[in-house]
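Chemist: Quick one: this structure, given as structure tokens, is what I'll be asking you about.
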Amino acid sequence: MSATIALRAEHIVKYFDQPERFQVLKDISFEAHKGEFLSLVGKSGSGKSTLLYVLSTMDTGYEGTLSINGETLTGKTQNELAAFRNAHIGFVFQFHYLLPEFSVLHNVMLPGLKLKRKPRAEVEADALELLSSLDLRDQAVKLASKLSGGQQQRVAIARAMINNPSIIMGDEPTGNLDSRNSEIVFDIFRKLTSERGQTIITVTHDDDFAHRSDRVIELSDGHLVRH
Ligand SMILES: Nc1ncnc2c1ncn2[C@@H]1O[C@H](COP(=O)(O)OP(=O)(O)OP(=O)(O)O)[C@@H](O)[C@H]1O
């Protein structure tokens, strides 16, 4: 596999069995390159979230093959996948899922402490650096619940980045933000791809956001219609 390919999906097919069996993903194949900023768009119900769950390794009930950074993930155990995700994939959701009763700093440090790749002091230094780069250094000791929605989403991005993942996946990361904060999140993603070579794959309903990214992948009724 070429060194520049961050993610490869080959012939992904998925069925849901309830209320009756239907094919939700229909032979999806594409590659995402290192440092590429991809938007996944499509009408409601077209299969975007389902595909993102497959790509993020959280859903293993599919046919086809998924590889990230040259490593084939299809067929691995849940424990292996959980370890892989913590080390290689960062997640940013529409709702940030920060722990409200913990400080901003602690929220950002948590995935780093869980990975145990670095001593605590180093994880803390990394977290503070990330917070500074996202203009949140002054908020570090505040409780996460005390921040504005836009600030909380930036904290969620810092948390997604603490283990320096090669891929960041977003499920409508700007869905809950006003246009100014959406713009800030877009600019952060753009900077991550250009300065750190990270790959971004994000589901979005925001046309402006999608068209300013590097490439738009569109799903229609479970098919990839544009990429
Ligand atoms: N767990 C499930 N069991 C059965 N059907 C499901 C399940 N999850 C999703 N679906 C169905 O699969 C289809 C695709 O859903 P999915 O959530 O991937 O769409 P989406 O494009 O992300 O939609 P939206 O933009 O509204 O979030 C829809 O018809 C949905 O009803």
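Chemist: Looking at this structure, is T199 away from the ligand (no atom under 16 Å from the Cβ) and either closer than 21 Å to I157 by Cβ or surrounded by fewer than 16 Cβ atoms within 10 Å (Cβ to Cβ) (or both)?
Modeler: yes
Chemist: From G70, G35, which residue is more than 12 Å from the ligand (Cβ to nearest atom), under 19 Å from P173 (Cβ atoms) and touching a residue at least 12 places away in the same chain (Cβ under 8 Å)?
Modeler: G35
Chemist: So, one more: Yes or no: T72 at pLDDT 95 or above, surrounded by fewer than 15 Cβ atoms within 10 Å (Cβ to Cβ) and either in contact with a Leu (Cβ under 7 Å, 6 or more places away or on another chain) or closer than 26 Å to Q23 by Cβ (or both)?
Modeler: The answer is yes for T72.
Chemist: Also: Does any residue of region 94-105 turn out to be part of a strand (DSSP E or B), touching a strand residue (DSSP E or B) at 6+ places or on another chain (Cβ under 8 Å) and away from the ligand (no atom under 16 Å from the Cβ)?
Modeler: Yes, region 94-105 contains at least one residue that is part of a strand (DSSP E or B), touching a strand residue (DSSP E or B) at 6+ places or on another chain (Cβ under 8 Å) and away from the ligand (no atom under 16 Å from the Cβ).
Chemist: Out of V108, V123, V104, report the one residue that is modelled with pLDDT of 95 or more, closer than 17 Å to R196 by Cβ and surrounded by 15 or more Cβ atoms within 10 Å (Cβ to Cβ).
Modeler: That would be V108, the only listed residue that is modelled with pLDDT of 95 or more, closer than 17 Å to R196 by Cβ and surrounded by 15 or more Cβ atoms within 10 Å (Cβ to Cβ).
Chemist: Residues to consider are L192, L128; find the one that is crowded, with 18+ Cβ neighbours inside 10 Å and either within 25 Å of R85 (Cα to Cα) or away from the ligand (no atom under 16 Å from the Cβ) (or both).
Modeler: Just a single option satisfies the conditions, and that option is L192.
Chemist: Please pick out the residue among G175, G150, G170 that is surrounded by fewer than 21 Cβ atoms within 10 Å (Cβ to Cβ) and out of contact with any Lys or Arg (no Cβ under 9 Å at 6 or more places or on another chain).
Modeler: Of G175, G150, G170, the one residue that is surrounded by fewer than 21 Cβ atoms within 10 Å (Cβ to Cβ) and out of contact with any Lys or Arg (no Cβ under 9 Å at 6 or more places or on another chain) is G175.
Listed here are the residues, each with its yes/no results for (1) farther than 25 Å from H205 by Cβ; (2) away from the ligand (no atom under 16 Å from the Cβ); (3) of a type in the set (S, T, Y); (4) in a strand (DSSP E or B).
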residue	(1), (2), (3), (4)
A9	no, no, no, yes
S44	no, no, yes, no
S49	no, no, yes, no
T60	yes, no, yes, no
G75	yes, yes, no, no
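Chemist: On the basis of being of a type in the set (K, R), assigned to a loop (DSSP other than H, G, I, E, B) and within 13 Å of the ligand (Cβ to nearest atom), does K26 make the cut?
Modeler: So K26 fails the test.
Chemist: Kindly provide the set of residues from region 11-21 that are within 9 Å of the ligand (Cβ to nearest atom) and at pLDDT below 95, ordered by number.
Modeler: D17, Q18, P19, listed by residue number.
The values are calculated or read from the model by the stated rules, or taken from the named source; none is laboratory data. All of these numbers come straight from a predicted model, not from anything done at the bench. Here the Cβ is made from the backbone with ideal geometry for all residues, glycine too, and neighbour counts use every protein chain on show.
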